[in-house]
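One structure is given here, and the rest of the page talks about it.
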Amino acid sequence: MTIHDLLAVLPEAIVTLVAIVVLVIDAGVGERRARPWLPWVTIVGLAIALASQSWAPAGGTFFGGFVVVDDFSRFFRLLFIVLAAFTVLVAPPYLRREEVSAGEFYATVLFSTIGAMTIALATDLITLFVGIELMSIPVYVLAGLQRRDRYANEASLKYFLLGAFSTAILLYGFAWLFGISGSTDLAKIAAAVRTAGLGSPAVVVALALVTTGLGFKAAVVPFHQWTPDAYEGAPTPSTAFMSVAPKAAAFAAILRVMATALGPIQLDWALVFAILAVITMTTGNIVALVQTNVKRMLAYSSIAHTGYILAAVAATAAGASAGAAVLFYVFAYGIMNLGAFACLELLDLEGTRGATLDELNGLWSRHAAGATAFTIFLVNLTGIPPTVGFLAKFLVFQPVIDAGFTWLAVAIALNAAAAAFYYLRVVVHMFMYDAEAAAPKVEPARVLSWSLGIASIATIVLGILPDPIYSFAVRAAGPILTK
Amino acid sequence: MIFDPPILPSVLTLLLVIPLVGIVPLLAFVRDARAAKQIAIVTTFVELVVSLIMLAQFRVGEAGFQMVESVPWLPSLGIRYEVGVDGISVLLVVLTTLLTFISVLYSSGGAIKQRVGEFMIAFLLLEVGMVGVFVALDLFLFYVMFELMLIPMYLIIGIWGGTRRVYATLKFVLFTLAGSLLMLVAIVAVYLNSGPAGSRTLSFPDLIAGPTRFAPEFQVWAFLAFALAFAIKLPMVPFHTWLPDAHVEAPTAGSIVLAGILLKAGGYGLLRFALPLFPIGAQVWLPIIIVLSVVAILYGAAVSTVQKDLKKLIAYSSVAHMGFVTLGLFVLNTQGGVGAVLQMLNHGVVTGALFLFVGIEYEKTHRRQIADLGGFANHWPLYTAFFGIFVLASLGLPGLNGFVGEFLVLLGTFRYGGQPISGLLWGPLAAIGVILAAIYLLWMFQRVMYGPVREAYKALPDLTPIEVACAAPLLALTILLGVFPQPVIAIIQPSVERMLALAGATVTVAVH
């Protein structure tokens, strides 16, 4: 290990440092006095971490081949830092209201972010696994941070048990990969897989186990059962974070493992992924249609979006455009989904359950900016232009059709049309019905409102001028997928 | 061309930007209804004037695109911001700006009482989408504009609409979205088939430039996806069921642009994109479309006859009128094509006006059931005169604009010799539709205007000056286009012939 190695992971090191600083301030100064400015400490720290990339080496492998810095890892660094910052900006009103420890929340988010960033750095199964665990365990904590809430406890326990179970399956899959190749290096595994081919039962077993394990993390149907309860029961700021960052990280892992290590047998798993994608999006959308609780509806909708992203993964035969589509979609999804959940934090509701449709009635007349921002996020999720959510779908269609899965593209189109019903139904309740007498109070939180407003406008700007992010995604997909 | 050289460069971009500029002060004055009305009126008026300048800059007699602007938009994908107008779109743009101005003017007169600022913002956004649909030459840009019309209209119906507005607006959005998302799949497929990676494009002029066409099998399915989206928007039978609901629940201004402009986006899309890009595909589906068009003409007319609600009657009559548009387009000859475009323009003017007058009547009486009305002829002479002329235009009386389009479409249909059965069958059937239109419209006029008037209506005033100001330009156009359609045909014909030639039609016989 040299100075060079340490500089390569400077952003990760800084995020770690910020997490520790936040915990120390929280413990030293005291919860009450630290609460107002802890978010800003976190934001500044994250900004420094992002900026520090310019001092880090431009690229290459480090720590003896355990860590790689390329455009792929840089893309995810940017994404995870943005998501963590967004989470921290919108969380304070909820945390204060529900008396959740702020320092613990921010620090836990940061620790999970480090794990997610580590996954994107991995070219080795060991690094990858450490990253996955480092990301997952803080998220289990985040789900249960509201200690006295029964639903939060249920969410945390369910998420933890199923998460631990899936991690074990994934690890077993990794063991098979190691058995096939005698190495944990993804490139060496690829070489061994190419020689062995799908004829070897060991490869089939490894493929099945790894797909299952990573499918759990990304909430792919039929490995999604934990999602609705965990998302609904967790404190809303935690839900906002855990619906986007772990999913994005899971897709980073899927791209690294499936496209690199299992790339040689890509033609064989592509069809499986395509079928899983259709099942996932259809299940998510159909169940979301009948939900009356908006938080739970968004949980199912996030399953549907997993399906759309998975469709692009299945299309890796189309080359870099597939990888770019995955990355762009994950980025767009991160902002729009986090934003949608964060809008629920505007409402002063007891417990973690989030708002029902009726509780959103007439939100427009009570908080026009919040209702408008929520609408923009929902239009994003529906995939209507000129939003980044539309562009993400457009970019997914392209490799999917190019790879010969036209039926999959048609399935996405029909699913998106059906999904419009439940997204726009929320708009109906906010704009077209009058508030009831028992309508929940609206939080007069300025930072939260401004963050939502800026993020919602950003989704439109990125929808009209997506080229900076898209070209970054194309470059980032380069090292992973080249035709 | 009156202005030579053109006095306004980038006029089409200007048309897309002006409503957006108008939104900025609206956001500041969103709570001030008076200021919001003034800002919206000024913005849409400036937009109208600029569109008239654009029309004056248009070189009549040229078939190709004019005032084209083309800059890279998503360079890594080869997608361009490309706008331009030809003889087909230039008049639709002017129709859009005119009807939007009239709608905003009428709404300012008191028809919209709550949340005026937000209503005007939605309307200006809608205008961007509507103008954008007609000027976009890149398929990606076209799709963005096509969908941009969706959310503002969704809100306009859903917030300012009638009692069943939520059901109506969700139905409208879901129908439209289902079709357009399938079209998006087809657009992406067109993109992938447009060339090898690196030189792919969605620019319409580029796509039709070379002699190479898409593979026949691909054309069959791509045409279906495009046609489905446009058939829902138009709407064609059997995808029309959203239309009566949306029209009945929409506020008057929403109904005017819905009938006047949004439906035209469907007909325009068929002529501009579906036919020229996929001529072989069009040939495969053409018999079905012709049959459905004639069904729409007869069914729409028959259903209109039995309507009890005034707005619903006009909504169903739109289904019949749009049947003439698709019939004219798909008989694939000059008369039919020119007639279809004229029919789109005329329907925009006349049906827009009819919805305006139903709105005016409803504002006064709060009744729309035909049985509740009657005897207005004696009390509202001005209203009756205007309304009467628009009704006569709608039923296709010679001398008024409705006649010209329908006549040309019928002429084209009689000349149609193709599959499955020649136009000698379809022509007479469509002509029956014209007769039925006379029956249901005149019967409606009789029930609403004649007979005894209710006591409660006697005190109600005739048209206000602002209402006359809204109706006058439409009346002028109705008469002008009816008596003297030749200048308009001269604008439309070369471009229609160009599109039809791309669609493989015979265009040797001129109209004159």
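The values are calculated or read from the model by the stated rules, or taken from the named source; none is laboratory data. Quick caveat: nothing in here was measured; it's all calculated off a predicted structure. All Cβ positions, glycine included, derive from the backbone under ideal geometry; neighbour counts span all protein chains shown. For the accessible areas, the whole protein counts, side chains as well, though only heavy atoms, and no ligand, DNA or RNA atoms are used. Shrake-Rupley method; radii C 1.70, N 1.55, O 1.52, S 1.80 Å.
Could you look through the stretch B:72-111, keep only residues that are in contact with a Pro (Cβ under 7 Å, 6 or more places away or on another chain) and open to solvent by 10 Å² or more (accessible area, probe 1.4 Å), and pick out the one that is farthest from the other protein chains (Cβ to nearest Cβ)?
Applying the filter and picking the extreme gives B:L98.
Of all residues in the stretch B:180-222 being among the hydroxyl-bearing types (S, T, Y), in a loop (DSSP other than H, G, I, E, B) and away from chain A (no Cβ under 13 Å), which is least open to solvent (accessible area, probe 1.4 Å)? Walk me through it before giving the result.
Residues of the stretch B:180-222 that are among the hydroxyl-bearing types (S, T, Y), as a first pass: B:180, B:191, B:194, B:199, B:201, B:203, B:212.
After this cut, where a residue has to be in a loop (DSSP other than H, G, I, E, B) as well, the list is B:194, B:199, B:201, B:212.
Among the residues that remain, those that are also away from chain A (no Cβ under 13 Å) are: B:199, B:201, B:212.
Details: B:S199: 67, B:T201: 19, B:T212: 106 Å².
Filtering the stretch B:180-222 for residues that are among the hydroxyl-bearing types (S, T, Y), in a loop (DSSP other than H, G, I, E, B) and away from chain A (no Cβ under 13 Å), the one least open to solvent (accessible area, probe 1.4 Å) comes out as B:T201.
For the stretch B:300-324, give me each residue that is in contact (Cβ under 8 Å) with a residue 40 or more places away in the chain, assigned to a helix (DSSP H, G or I) and touching a Pro at 6+ places or on another chain (Cβ under 9 Å).
B:K311, B:K312, B:A315, B:Y316, B:S318, B:V319, B:M322, listed by residue number.
Within the stretch A:64-73, can one find any residue that is in contact (Cβ under 8 Å) with a residue 60 or more places away in the chain and farther than 20 Å from A:I480 by Cβ?
no
Output the residue which, of all residues in the stretch A:401-411 that are open to solvent by less than 60 Å² (accessible area, probe 1.4 Å) and more than 8 Å from chain B (Cβ to nearest Cβ), is nearest to B:G158 (Cα to Cα).
A:A411
Could you check how many residues of the stretch A:230-258 are of a type outside the set (G, A, S) and either within 28 Å of A:L177 (Cα to Cα) or not in a helix (DSSP H, G or I) (or both)?
Here the count works out to 10.
For the stretch A:181-195, how many residues meet the condition of being under 24 Å from A:F63 (Cβ atoms) and open to solvent by 40 Å² or more (accessible area, probe 1.4 Å)?
4
Among the residues of the stretch A:443-482 satisfying the criterion of being hydroxyl-bearing (S, T, Y) and open to solvent by less than 50 Å² (accessible area, probe 1.4 Å), which is farthest from the other protein chains (Cβ to nearest Cβ)?
The qualifying residue farthest from the other protein chains (Cβ to nearest Cβ) is A:S451.
For the stretch B:159-179, give me the residue count where each residue is crowded, with 24+ Cβ neighbours inside 10 Å and either at the interface with another protein chain (Cβ under 7 Å from one of its Cβ atoms) or of a type in the set (V, I, T) (or both).
4
Which pairs do you get when a residue that is more than 14 Å from chain B (Cβ to nearest Cβ), found in the stretch A:431-442, comes within reach of a residue that is open to solvent by less than 100 Å² (accessible area, probe 1.4 Å) and of a type in the set (D, E, K, R), reach meaning Cβ atoms under 6 angstrom, with the pair 6+ apart or on two chains?
As it stands, the answer is A:P440/A:D348; A:P440/A:E359; A:K441/A:D348; A:V442/A:R366, since those pairs meet every condition given.
Looking at (1) surrounded by fewer than 24 Cβ atoms within 10 Å (Cβ to Cβ); (2) part of a helix (DSSP H, G or I); (3) more than 11 Å from chain B (Cβ to nearest Cβ), which is the only condition A:G370 fails?
Exception for A:G370: condition (1).
Go through the stretch A:376-395 and give me each residue that's outside any loop (DSSP other than H, G, I, E, B), within 9 Å of chain B (Cβ to nearest Cβ) and not hydroxyl-bearing (S, T, Y).
A:V379, A:F390, A:L391, A:K393, A:F394, A:L395
Kindly establish whether B:V50 is outside any helix (DSSP H, G or I) and either within 14 Å of another protein chain (Cβ to nearest Cβ) or not small (G, A, S) (or both).
Judged against the criteria, B:V50 is not a match.
Out of the stretch B:372-402, which residues are small (G, A, S) and crowded, with 23+ Cβ neighbours inside 10 Å?
Residues satisfying the conditions are B:A393, B:S394, B:G396, B:G402.
Starting from the stretch A:36-60, keep only residues that are among the small types (G, A, S), then list their pairs with residues that are surrounded by fewer than 16 Cβ atoms within 10 Å (Cβ to Cβ) whose Cβ atoms are within a distance under 8 Å, requiring at least 6 positions of separation or different chains.
If the second residue must be surrounded by fewer than 16 Cβ atoms within 10 Å (Cβ to Cβ), the pairs left are A:G45/A:L17; A:A56/A:L7.
Residues are listed down the side, and each one gets a yes or a no for (1) hydrophobic (A, V, I, L, M, F, W, C); (2) surrounded by fewer than 20 Cβ atoms within 10 Å (Cβ to Cβ); (3) farther than 16 Å from A:L276 by Cα:
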residue: A:G197; (1), (2), (3): no, yes, yes
residue: A:S200; (1), (2), (3): no, yes, yes
residue: A:V205; (1), (2), (3): yes, yes, yes
residue: A:A208; (1), (2), (3): yes, yes, no
residue: A:T212; (1), (2), (3): no, yes, no
residue: A:G215; (1), (2), (3): no, no, no
residue: A:F223; (1), (2), (3): yes, no, no
residue: A:V244; (1), (2), (3): yes, no, yes
residue: A:A253; (1), (2), (3): yes, no, yes
